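Taking it in order: structure first as structure tokens, then the write-up.
The values are calculated or read from the model by the stated rules, or taken from the named source; none is laboratory data. On a predicted model such as this, the values are computed, not experimentally measured, just so you know. Heads up, the Cβs are rebuilt from the backbone with ideal geometry, glycines too, and the neighbour counts pull from every protein chain shown.
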Amino acid sequence: MKRLITAILASAAVAATAIPIQDKTPPQVPGKPKPMATVLIPKGKTYKPGKNFTAQVIVRFPKKWHGYQNPPTKKYQIPVVIESADKKTTTVVKVNYPKGKVLTVAGEKSAVYGGIVRFPVTLKAQDKEGTQTLKIRVKYQLCDDASCLPPDKLEIKQSVTIKK
């Protein structure tokens, strides 16, 4: 029994450290909803120089708030956008924006993101070996059923290893 418990705890410790997660949630401002949080989870530990690799950007929206799907349902809506925050160090090749959930917002049907949303992304590794710091920007506008806050952005950093 003691061995079983030790094995379970060891497995849990390995599982908890297998995926690097970085949470850059700013502190909550009184009277305003907590801004969404973003994390970048690269798959694997090393990447080949100059080659594409996949990762996920995960966005958490505060309860009762949403961001508009990309592409947006209406032309005036400001969608969630994921892009490079530093083109010298990070190349975002492609973002697979998922379909949002269709809700009635301010009397109109619109596709929105809410809760936790995963955005698969393709990134390109730098040409040289070593540690690369990925810098990703998430642009968004938080809205509820009656109003929207001004557009905003979050930037996240995640280090990856580039090796042949």
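Checked against (1) under 22 Å from residue 159 (Cβ atoms); (2) out of contact with any Pro (no Cβ under 8 Å at 6 or more places or on another chain), residue 80 passes all but a single condition, namely (1). The residue that is surrounded by the most Cβ atoms within 10 Å (Cβ to Cβ), among those in segment 80-115 that are of a type in the set (A, V, I, L, M, F, W, C) and not in a strand (DSSP E or B), is 80. Annotation for segment 36-43: no member residue is over 18 Å from the mean Cα position of the chain (by Cα) and either assigned to a strand (DSSP E or B) or at pLDDT 50 or above (or both). Can you tell me which residue within segment 49-94, out of those that are in contact (Cβ under 8 Å) with a residue 60 or more places away in the chain and among the basic types (Lys, Arg), is farthest from residue 38 (Cα to Cα)? For segment 49-94, the residue satisfying everything is 51. Of all residues in segment 142-164, those satisfying the criterion of being farther than 28 Å from residue 46 by Cα and surrounded by 17 or more Cβ atoms within 10 Å (Cβ to Cβ) are 142, 143, 148.
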